[in-house]
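Novice: Dropping a structure here in structure tokens format, bear with me for questions.
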Amino acid sequence: MRSINKLKKNKVDKNGNKCGYWEHYWRNGKLQSKGSYENDDEVGYWEYYYESGVLESEGLLSYGFYDGIWNYYDEDGNLSIKATWNYGEIISKSPYKDGLKDGVWEEYWSNNGVKITGSYKDNKKEGIWEEYWYNGNLKNIGSYKGGKKDGEWESFNKDGDLKSEKLYNNGKLIKNV
């Protein structure tokens with residue numbers, strides 16, 4: 001990260017465009033957001049705050065678009081979601097509880113179609129997980145128990161035809177069905 005000259009904040013250029021380091025405040029006087037502008041576009045590292053003053057989110061902006069990893073926090077300041085963006089397009093998002101992955105995790109293709117979806121419990125994969133081809137057809141489906149493959153797993157080709165079936169127990173391949 002580049003250093004920000006906080007001494008010269010909330011400036012505009014000769015065309016009236018925001019430039020340099022800026023801070024925005026809620027009506028109650030608490031910080032709402034801070035970061036840099038370039039030609040009136042948000043760039044670089046930004047932080048956004050709840051009206052209470054607690055950090056709400058933080059991450060990189062590229063000319064107003066979310067870019068890279070963003071962390072989102074609940075009103076108590078606990079990490080609740082970690083998302084990865086590519087110039088305004090969401091790539092993945094994962095909810096957190098007590099600092100561990102917990103809840104539905106999703107990853108996306110560049111066409112915004114779902115690439116992978118499944119759940120975490122206490123930082124371990126749990127339950128049904130699905131993976132999709134770029135064309136939207138199912139690629140793999142199966143379940144995890146305690147972070148290990150468990151039960152029947154099916155794989156499909158790009159056209160959606162069943163390619164293979166496998167049976168797992170506690171992460172170990174038992175047999176090809």
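The values are calculated or read from the model by the stated rules, or taken from the named source; none is laboratory data. Worth saying up front: this structure is predicted, and the values here are computed from it rather than measured. Here the Cβ positions follow ideal geometry from the backbone for every residue, glycine too, while neighbour counts run over all protein chains shown.
Novice: For residue 85, indicate whether it is at pLDDT below 95, among the aromatic types (Phe, Trp, Tyr) and closer than 29 Å to residue 61 by Cα.
Specialist: no
Novice: Quick one: would you say residue 54 is surrounded by fewer than 16 Cβ atoms within 10 Å (Cβ to Cβ) and in contact with a strand residue (DSSP E or B) (Cβ under 6 Å, 6 or more places away or on another chain)?
Specialist: Here the answer is no, as residue 54 does not meet what is asked.
Novice: Which strands (runs of 3 or more DSSP E) does region 13-59 wholly contain that include 1 or more residues that are among the aliphatic types (A, V, I, L, M) and without any contact (Cβ under 8 Å) to a residue 24 or more places away in the chain?
Specialist: Those strands (runs of 3 or more DSSP E) span 31-38, 41-49.
Novice: Could you count how many residues in region 154-174 are assigned to a strand (DSSP E or B) and either without any contact (Cβ under 8 Å) to a residue 12 or more places away in the chain or over 14 Å from residue 138 (Cα atoms) (or both)?
Specialist: Final tally of qualifying residues: 9.
Novice: Taking residue 68, is it touching a strand residue (DSSP E or B) at 6+ places or on another chain (Cβ under 7 Å), surrounded by fewer than 17 Cβ atoms within 10 Å (Cβ to Cβ) and outside any strand (DSSP E or B)?
Specialist: No.
Novice: Let me ask you something else. Looking at the structure I just gave you, is residue 132 closer than 20 Å to residue 96 by Cα and either within 29 Å of the chain's Cα centre (by Cα) or touching a residue at least 60 places away in the same chain (Cβ under 8 Å) (or both)?
Specialist: No; evaluated as a whole, the condition is false for this residue.
Novice: Run residue 74 past the list (1) farther than 28 Å from residue 156 by Cβ; (2) modelled with pLDDT of 95 or more; (3) surrounded by 15 or more Cβ atoms within 10 Å (Cβ to Cβ) and report the number of the one that doesn't hold.
Specialist: The number of the failed condition is (3).
Novice: When you look at residue 28, is it surrounded by 13 or more Cβ atoms within 10 Å (Cβ to Cβ), modelled with pLDDT of 95 or more and not assigned by TED's automatic domain parsing to the domain that holds residue 147, yes or no?
Specialist: Criteria not met by residue 28.
Novice: Please count how many residues of region 72-124 are more than 21 Å from residue 54 (Cβ to Cβ), of a type outside the set (Ser, Thr, Tyr) and not in a strand (DSSP E or B).
Specialist: Qualifying residue count, region 72-124: 7.
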